[in-house]
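The values are calculated or read from the model by the stated rules, or taken from the named source; none is laboratory data. Note that the structure is predicted; figures quoted are calculated from it, not measured. Virtual Cβ from ideal backbone geometry, glycine too; neighbours counted across all protein chains shown. For accessibility, only protein heavy atoms count, side chains too; no ligands or nucleic acids. Shrake-Rupley method; radii C 1.70, N 1.55, O 1.52, S 1.80 Å.
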Amino acid sequence: MEFETWIIASLVLLLPTMVWFLVTTLSKSNTSSSTTAIPKAYPIIGSVFSIAANKHRRVQWISDILNKTPSSTFVLHRAFGSRQVFTANPAVVQHILKNSFPLYNKGYTLSRALGDFLGNGIFNANGENWKFQRQISSHEFNTRSLRKFVETVVDVELSDRLFPILSKAQKTTLVIDFQDILQRFTFDNICKIAFGFDPEYLIPSLPEKTAFAKAFDDGTSLSSERFNSAIPLFWKMKKLLNVGSEKQLKNAISEVRGLARKITREKKQELKEKATLETVDDLLSRFLSSGHLDEEFLIDIVISFILAGRDTTSAALTWFFWLLYKHPHVEHEVLKEVNEKSEAPVYDEVKDMVYTHAALCESMRLYPPVPVDTKEAVNDDVLPDGTFVKKGTRVAYHIYAMGRSDKIWGSDWAQFRPERWLNRVEGKWSFVGVSPFAYPVFQAGPRVCLGKDMAFLQMKRVVAGVMRRFRVVPAVEEGVEPVYTAHLTSLMKGGFPVRIENLS
């Protein structure tokens with residue numbers, strides 16, 4: 001019996017090497033795997049060669065295929081008969097997110113791949129568990145809470161932490177990683193507003209990335225690799241044997257859940273010491289006061305909201321500042337609006353920044369914080385474009401591809417043009433939205449993002465605060481374009497090196 005187990009383990013460990021050899025050989029002899037044609041599928045292994053060959057540009061590869069496909073939908077054949085439907089068709093998106101909402105949930109595949117990291121938090125939950133978390137969370141996003149968030153949490157982080165760091169960088173001509181700065185900023189913000197906890201991650205000394213931050217990055221990237229794995233059997237066996245990336249993921253999850261547990265226990269103790277719960281003013285306190293005291297469940301909630309509040313907003317702002325530099329006329333219009341609103345109260349100022357709002361929408365169209373979202377069919381179904389979906393099939397709507405679709409945005413889709421979101425009436429801009437099913441950056445339907453308004457207010461406050469004082473200038477060679485990459489959320493590969501200059 002021990003000999004048989006040894007043989008099986010040896011074969012499992014050798015299989016990835018064998019497949020890597022085959023993929024490398026095929027990739028060198030066949031460049032068609034990087035074309036926009038629907039990848040060829042082979043018996044048993046499906047399109048594993050094409051998937052592996054395009055691993056380094058998975059988002060762009062699928063986007064290219066979708067936007068060359070007449071229906072904007074195609075079926076990707078994975079190993080062992082598994083199929084995944086990808087779409088950039090707004091009618092299909094509306095079907096799965098709204099019209100047939102009960103038929104599509106997060107599904108077993110996603111829960112299995114991300115469950116160790118996200119647990120049963122709101123982004124990995126279905127049914128009554130999801131409804132409960134959404135109901136409690138919704139109270140955090142009313143007008144009073146949003147005003148408080150902008151006027152206290154965001155403003156204090158700006159004035160006490162971000163501005164001094166940028167001012168020092170300006171005086172010393174130091175090159176800084178603005179993506180890292182923004183991640184620190186949004187991490188502090190989400191922890192304060194959601195948990196009443198200040199991690200002090202954005203401070204003038206800019207400490208090295210903490211063990212938690214490193215572990216959180218590893219947790220998101222490795223969980224994403226699991227979900228997108230060409231042959232999921234590999235990660236499952238590595239988990240069983242506790243080797244390689246699975247051992248690294250296990251260690252990362254332990255670190256992340258350790259801090260989440262510390263936050264949860266401190267909040268429990270804080271509420272115990274209060275004579276009344278009338279002062280409940282953060283998300284974690286709301287869950288605790290609802291009577292939901294299961295520690296593991298609360299830890300799942302903490303991790304999910306850190307993921308949502310840190311990574312998505314910082315990603316959107318990173319690409320926004322890059323695009324501003326590349327398009328001086330847009331930068332001029334944004335700065336003009338920022339200066340016009342300078343006398344308004346903070347909350348009113350950011351609420352009424354119409355052109356800046358449009359520019360942020362346009363930036364997220366081209367570089368969405370979450371490039372792809374996936375659901376799984378509970379039963380057999382037929383999509384509006386005629387695609388048959390078998391029970392258990394994953395259906396992914398490709399937000400990145402939709403932002404680059406000439407069917408949705410016209411032949412000028414590649415242009416960064418905030419005016420496509422605006423009308424000018426009597427000399428003033430007015431915002432014109434589009435269907436959320438054509439622009440599902442914040443999802444749509446019953447699962448539409450609760451934090452959408454909070455994200456826009458935070459981003460506009462950062463833009464206004466930074467642009468009144470500084471100019472963010474990329475420190476890259478002329479003609480070098482940053483690379484969009486993604487795990488669960490998107491990143492600018494290698495960071496965003498910048499110099500901070502005075503407005504003059």
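Applying the selection to region 452-475, what residues are within 24 Å of H357 (Cα to Cα), open to solvent by less than 60 Å² (accessible area, probe 1.4 Å) and either without any contact (Cβ under 8 Å) to a residue 24 or more places away in the chain or of a type in the set (G, A, S) (or both)?
As a first pass, look at region 452-475 and keep what is within 24 Å of H357 (Cα to Cα): 452-474.
The next check asks that each one be open to solvent by less than 60 Å² (accessible area, probe 1.4 Å); those that pass are 454-467, 470, 472-474.
Within region 452-475, A455, A464, G465 meet the criteria.
Considering each residue of region 274-299, count those that are modelled with pLDDT of 75 or more and either open to solvent by 30 Å² or more (accessible area, probe 1.4 Å) or of a type in the set (A, V, I, L, M, F, W, C) (or both), and give that number. It would help to see each step written out before you state the result.
Quick first cut of region 274-299, residues modelled with pLDDT of 75 or more only: 282-290, 294-299.
Right, trim to either open to solvent by 30 Å² or more (accessible area, probe 1.4 Å) or of a type in the set (A, V, I, L, M, F, W, C) (or both) and you get 283-284, 286-290, 294-299.
Qualifying residue count, region 274-299: 13.
At pLDDT below 90 and surrounded by fewer than 20 Cβ atoms within 10 Å (Cβ to Cβ), is that true of F149?
On the way: at pLDDT below 90: yes; surrounded by fewer than 20 Cβ atoms within 10 Å (Cβ to Cβ): no.
Taking the combined requirement at face value, the residue does not satisfy it.
Would region 86-100 turn up any residue that is open to solvent by less than 30 Å² (accessible area, probe 1.4 Å), modelled with pLDDT under 50, over 23 Å from M237 (Cα atoms) and outside any loop (DSSP other than H, G, I, E, B)?
Within region 86-100 (the criterion being open to solvent by less than 30 Å² (accessible area, probe 1.4 Å), modelled with pLDDT under 50, over 23 Å from M237 (Cα atoms) and outside any loop (DSSP other than H, G, I, E, B)), the answer is no, since none of the residues qualifies.
Kindly indicate which of A194, A230, A169 is in contact (Cβ under 8 Å) with a residue 24 or more places away in the chain, under 18 Å from T318 (Cα atoms) and either open to solvent by less than 10 Å² (accessible area, probe 1.4 Å) or not in a helix (DSSP H, G or I) (or both). Lay out the reasoning, then the answer.
Values: A194 fails: under 18 Å from T318 (Cα atoms); A230 fails: under 18 Å from T318 (Cα atoms).
The match here is A169.
Which residue out of S71, S111, S82 is under 26 Å from S411 (Cα atoms), hydroxyl-bearing (S, T, Y) and open to solvent by 20 Å² or more (accessible area, probe 1.4 Å)? Walk me through how you get there before you give the answer.
Details: S111 fails: under 26 Å from S411 (Cα atoms); S82 fails: under 26 Å from S411 (Cα atoms).
None of the other options fit; the residue is S71.
For region 476-504, how many residues meet the condition of being among the aliphatic types (A, V, I, L, M), loosely packed, with under 13 Cβ neighbours inside 10 Å and touching a residue at least 24 places away in the same chain (Cβ under 8 Å)? Step through it out loud before you land on a result.
Step one: list which residues in region 476-504 are among the aliphatic types (A, V, I, L, M), which gives 476, 480, 483, 486, 488, 491-492, 498, 500, 503.
Imposing the further condition that a residue be loosely packed, with under 13 Cβ neighbours inside 10 Å reduces the set to 480, 483, 503.
This time we only want the ones that are touching a residue at least 24 places away in the same chain (Cβ under 8 Å), so: 503.
Matching residues across region 476-504 total 1.
Scan region 63-103 residue by residue and report those that are under 16 Å from T387 (Cα atoms) and of a type in the set (K, R).
Hit for region 63-103 is R83, nothing else.
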